[in-house]
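The values are calculated or read from the model by the stated rules, or taken from the named source; none is laboratory data. Since we're looking at a predicted model, the values are computed, not measured. Note: ideal-geometry Cβ built from the backbone for every residue, glycine included; neighbour counts use all protein chains shown.
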Amino acid sequence: MNTPSSQENPDAFRLESRVLIMGVLNATPDSFSDGGRYFDIECAVDRALEIEAEGADILDIGGESTRPGSAFVDADEERRRVIPLLERLSGRLRIPVSIDTTKYDVARDALTAGAEIINDISGLRFEPRLADLAAGAGAALVLMHSRGTPETMQQLPPAEDIFGEVIGGLRWSIDQAVQRGVACERIILDPGIGFGKTAQQNLMLIAGLDRIVREFGLPVLVGASRKSFIGRTLDSRLTATRRDAARERLAGTIAANIISFGRGARILRVHDVAETAAAVRLAEAIEEER
């Protein structure tokens with residue numbers, strides 16, 4: 001990759017200047033958002049380059065679906081899905097790459113192949129050694145709050161105090177990361193929209209995102225893109241056909257992202273990069289005139 005590595009450039013992920021757009025690339029056969037469209041490596045390479053051209057600041061590559069009800073994929077299979085893709089993209093991207101994984105072996109090989117960020121949906125619950133990898137490589141580490149596992153999260157009873165649970169979970173994740181040597185300035189937090197939360201709780205977390213920003217003083221990432229709470233909230237208002245539910249959620253996704261921006265989010269993880277980037281840049285221009 002022809003961007004400086006995070007070790008060479010410790011300010012590579014400074015977020016003071018503007019909101020960053022993280023474009024999603026699912027190298028899986030069963031993604032909820034694209035139905036496995038980019039499981040073929042040639043299609044995945046083309047989409048990665050397209051994501052950059054559409055205005056993404058970060059590319060997030062994942063080889064395991066984390067949609068509700070999905071089962072774990074073993075590390076060997078996940079590596080087969082993502083490592084050749086990372087190798088094919090080496091030297092062809094100007095933006096940093098994030099590896100979306102909970103597995104030590106996958107993250108290790110991805111960092112070797114050029115990834116500069118580890119995006120852990122479990123917040124180190126599944127594999128605390130991911131923090132060791134991030135610390136050793138000087139990589140940024142995204143710590144997300146989630147409940148249960150992707151296979152069980154929607155079967156859990158709702159949290160009684162969603163903010164208390166998210167803040168407590170993120171505090172635990174931060175402590176684990178710091179104890180293993182990750183510098184605070186390399187940590188990014190994600191409240192985990194959709195991961196074991198009800199539709200109402202997802203709305204509450206976005207509405208009160210500034211509470212999490214103030215609590216920790218660390219960059220916050222929001223991944224609301226195309227998630228089911230948008231469809232549940234807007235279902236009675238949607239008039240399009242049901243053939244492409246994920247695309248039907250575009251307007252709701254942009255609304256959620258603009259509100260998140262206004263509440264202090266510094267990274268927005270999205271599937272629809274061009275549309276989100278345009279909306280966010282306009283929102284930033286308007287804010288500059290205040």
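Residue check: is residue 268 part of a strand (DSSP E or B) and more than 23 Å from residue 148 (Cα to Cα)? It would help to see each step written out before you state the result.
On the way: part of a strand (DSSP E or B): yes; more than 23 Å from residue 148 (Cα to Cα): yes.
Yes; evaluated as a whole, the condition is true for this residue.
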(message) With the requirement that a residue be over 20 Å from residue 146 (Cα atoms) and under 16 Å from the mean Cα position of the chain (by Cα), what does the range 83-109 give you?
(response) 95, 96, 97
(request) Please enumerate the residues belonging to the range 209-225 that are among the hydrophobic types (A, V, I, L, M, F, W, C) and assigned to a loop (DSSP other than H, G, I, E, B). (result) 218, 224
(message) Looking at residue 222 and the list (1) at pLDDT below 95; (2) surrounded by 23 or more Cβ atoms within 10 Å (Cβ to Cβ); (3) among the β-branched types (Val, Ile, Thr), which single condition is not satisfied?
(response) (1)
(message) Looking only at the range 174-229, count every residue that is over 15 Å from residue 119 (Cβ atoms) and among the hydroxyl-bearing types (Ser, Thr, Tyr) and tell me the total.
(response) 2
(request) Only residues in the range 218-240 that are more than 20 Å from residue 204 (Cβ to Cβ) count as the first member; pair them with residues that are at pLDDT 95 or above and in a helix (DSSP H, G or I), Cβ under 8 angstrom, at least 6 apart or cross-chain, and list the lot. (result) 218/174; 218/184
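Out of 268, 205, 282, report the one residue that is modelled with pLDDT of 95 or more, of a type outside the set (Val, Ile, Thr) and within 22 Å of residue 153 (Cα to Cα). Write out each step before concluding.
Details: 268 fails: within 22 Å of residue 153 (Cα to Cα); 282 fails: within 22 Å of residue 153 (Cα to Cα).
The conditions single out 205.
Regarding residue 175, is this residue of a type in the set (Asp, Glu) and within 18 Å of the chain's Cα centre (by Cα)? Talk me through it step by step, then tell me what you get.
Numbers: of a type in the set (Asp, Glu): yes; within 18 Å of the chain's Cα centre (by Cα): no.
In short, no.
Per-residue answers, yes or no, for (1) closer than 18 Å to residue 141 by Cβ; (2) touching a Leu at 6+ places or on another chain (Cβ under 8 Å); (3) not aliphatic (A, V, I, L, M):
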| site | (1), (2), (3) |
| --- | --- |
| 55 | no, no, yes |
| 62 | yes, yes, yes |
| 65 | no, no, yes |
| 76 | no, no, yes |
| 87 | no, no, yes |
| 92 | no, yes, yes |
| 99 | yes, yes, no |
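Got a number for residues in the range 60-77 being in contact with a helix residue (DSSP H, G or I) (Cβ under 6 Å, 6 or more places away or on another chain) and either more than 25 Å from residue 267 (Cα to Cα) or at pLDDT 95 or above (or both)?
To start, the set of residues in the range 60-77 that are in contact with a helix residue (DSSP H, G or I) (Cβ under 6 Å, 6 or more places away or on another chain) comprises 61, 63-64, 68, 75.
Now restrict to residues that are either more than 25 Å from residue 267 (Cα to Cα) or at pLDDT 95 or above (or both): 61, 75.
Residues meeting the conditions: 2.
When the residues of the range 1-58 are narrowed to those that are in a loop (DSSP other than H, G, I, E, B) and among the β-branched types (Val, Ile, Thr), which ends up modelled with the highest pLDDT? So that I can check it myself, show each step before the final result.
Looking only at the range 1-58, we keep the residues that are in a loop (DSSP other than H, G, I, E, B), and these are 1-19, 27-40, 54-57.
Checking the rest, the ones that are also among the β-branched types (Val, Ile, Thr) come to 3, 19, 28.
Values: 3: 36, 19: 96, 28: 82.
Of everything passing the filter in the range 1-58, 19 is modelled with the highest pLDDT.
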(message) Within the range 262-273, does at least one residue satisfy the condition of being of a type in the set (Val, Ile, Thr), buried (at least 21 other Cβ atoms within 10 Å of the Cβ) and in contact with a Leu (Cβ under 6 Å, 6 or more places away or on another chain)?
(response) yes
(request) Find all pairs meeting these conditions: Cβ atoms under 7 angstrom apart; at least six residues apart or on different chains; first residue within the range 260-286 and in contact (Cβ under 8 Å) with a residue 60 or more places away in the chain; second residue acidic (Asp, Glu). (result) 269/60; 273/54; 274/54; 277/54
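In the list 231, 181, which residue meets the criterion of being of a type in the set (Gly, Ala, Ser) and not in a loop (DSSP other than H, G, I, E, B)? Before you say what the answer is, go through the steps one by one.
On the way: 181 fails: not in a loop (DSSP other than H, G, I, E, B).
Of 231, 181, the one residue that is of a type in the set (Gly, Ala, Ser) and not in a loop (DSSP other than H, G, I, E, B) is 231.
Taking the range 156-170 only, how many residues are buried (at least 16 other Cβ atoms within 10 Å of the Cβ), modelled with pLDDT of 95 or more and either touching a helix residue (DSSP H, G or I) at 6+ places or on another chain (Cβ under 6 Å) or more than 21 Å from residue 138 (Cα to Cα) (or both)? Spell out the reasoning first.
Restricting attention to the range 156-170, the residues satisfying the condition of being buried (at least 16 other Cβ atoms within 10 Å of the Cβ) are 159, 162-163, 165-167, 169-170.
From what is left, the residues that are modelled with pLDDT of 95 or more are 162-163, 165-167, 169-170.
Filter again for either touching a helix residue (DSSP H, G or I) at 6+ places or on another chain (Cβ under 6 Å) or more than 21 Å from residue 138 (Cα to Cα) (or both), leaving 162-163, 165-167, 169.
Qualifying residue count, the range 156-170: 6.
Residue check: is residue 235 at pLDDT below 95, over 30 Å from residue 160 (Cα atoms), of a type outside the set (A, V, I, L, M) and surrounded by fewer than 21 Cβ atoms within 10 Å (Cβ to Cβ)?
Numbers: at pLDDT below 95: yes; over 30 Å from residue 160 (Cα atoms): no; of a type outside the set (A, V, I, L, M): yes; surrounded by fewer than 21 Cβ atoms within 10 Å (Cβ to Cβ): yes.
So residue 235 does not fit the description; no.
Has the range 78-94 got at least one residue that is closer than 20 Å to residue 227 by Cα and outside any strand (DSSP E or B)? Can you show your working first?
Applying the first criterion (closer than 20 Å to residue 227 by Cα) to the range 78-94 yields none.
No, the conditions are met nowhere in the range 78-94.
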(message) Exactly one of these conditions fails for residue 96: (1) surrounded by fewer than 20 Cβ atoms within 10 Å (Cβ to Cβ); (2) in contact (Cβ under 8 Å) with a residue 24 or more places away in the chain; (3) more than 18 Å from residue 41 (Cα to Cα). Give me its number.
(response) (1)
